[in-house]
Amino acid sequence: IIKSAAMFEFIRRLSIPQLNAKILHWIFRYAQFLGIVLFRLDGNQISSHKWMLCLGVIIRLTNLAAAIYTFSINVGDIKIYIMQIIYSIRLYLAIQCNLIIVVLQLFRETETINLFKRFLNLFQKIRIVGRRRTRGFGTSRELWFILICVISMIHDVLYRFTFGMPQNGFISTFKILCMSYIVVETSMMLHVHLLAYLCFGILYSELNEYIFKDLWPKLVALNEGTDRRTIRKVQRKLEKCYNLHREIFKLKMDFSKLFQLPMVLAFLHKITLVGLVSFDLIVLKKCQSLWLSILIAKYILDLLLMTLSIEEAQTQFSKMRRLHFDIYKGELFKDIHRLLDMFYIHLNLYDFRVCVYGLFDISNKFFLAYISALMSWLIFIAQGVGKMEI
């Protein structure tokens, strides 16, 4: 009881950004446990160990082999043809996602670590420029995202161990564990991307806060009587903001190039999971229908959180375009005008989009289209079951 009271007192004293950082630290540990992250974070230092890489790859390949073997045996027991197709697509996407993770860990480990370092360095640069003393990550809005993400991770594990475990021997239990590991790890990839886009939103938010509160009033206040030292100081601040904005956007592009394929596969895997579970719920009339309904709602919520995190980053990016600097024109301010023109050109030419290979954008519009398609799918299944019963 004393330890629990001390723990709650420790949590109560934390600010929201610090609480977010603590939760993210344990999510990082959980990703290490699953084998998605195979490097260590000690303070601001990142280190990689070959034994962690070898162990993670061996465990993942063993689970993949067991999952493929289990699928080849179990797929013949499924009597409904449509369910066979959905089940096959779902497992194919999960296997492909895990194989791509293996490839990234074996051949692109250095690039992955560099991306993580760039995230940390950008947070430090922005806080040094803005002279922020707050330690931690985000605000209460990000706290809700992170808490729902943690609840989703816990639900993934609890559901698998509550309803997914067989009672007929070690071999069957091992097979189900391997299948569950692949599914949980694929879902974790979606959560990793969710947190990454939350980071982009926070980076843009902190940069916007500095521009609106510090830089913009000084730019507007420039006039013919301003001394050269103040002009140079404002110009340096504007140049830093411009360079930071370009660095964030370049980091986003590099992140998308490296992790776009596993993100798409994890996203499509979640969509097929919703279709498969809804088919089970309506056609097979499973006895634990309440749990399956909760499972469907949870999968849809995962997709919604992903799109909302992307929309939040896009919103913070677009706030920069609302600034209209009415700067005094003169020979002393030509460099500032040139920097502002470059800033506006960059904002107009490059938009923050999460576009899947040029086919479609992952956004709230896409989520609404998916919900519409899901409702059509459920109505189609219900009508088919009704005709079969008649």
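The values are calculated or read from the model by the stated rules, or taken from the named source; none is laboratory data. Remember, predicted model here, so these are calculated numbers, not experimental data. So basically every Cβ, Gly included, is an ideal-geometry build from the backbone, and we count neighbours across all protein chains shown. Ligands, DNA and RNA are excluded from the accessible area calculation, which covers all protein heavy atoms including side chains. Shrake-Rupley method; radii C 1.70, N 1.55, O 1.52, S 1.80 Å.
Summary table below
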item	result
With all protein chains modelled, accessible area of D227 [1.4 Å, Å²]	80
Charge sum, other residues only, whose C-beta stays under 15 Å from L106's C-beta, Lys/Arg counted +1 and Asp/Glu -1	+1
Gain on full stretching of the segment that runs from M342 to A221 - 0.36 nm per residue minus C-alpha separation	41.5 nm
Entries of K298/K365; K125/K252; K252/K298 with Cα pairs more than 18 Å apart	K298/K365; K252/K298
Per-peptide average of other Cβ atoms within 10 Å, ordering 86-97, 110-121, 144-155 highest first	86-97, 144-155, 110-121
Unsatisfied cross-links (Cα-Cα over 26 Å) in the set K22/K319; K22/K240; K218/K319	K22/K319; K22/K240
Computed accessible area, Y181, all protein chains, 1.4 angstrom probe, square angstrom	40
Heavy-atom accessible area ranking, 1.4 Å probe, most first, across R338, R127, R322, R135	R135, R322, R338, R127
Order by protection proxy (mean Cβ within 10 Å, highest first), peptides 372-381, 63-72	63-72, 372-381
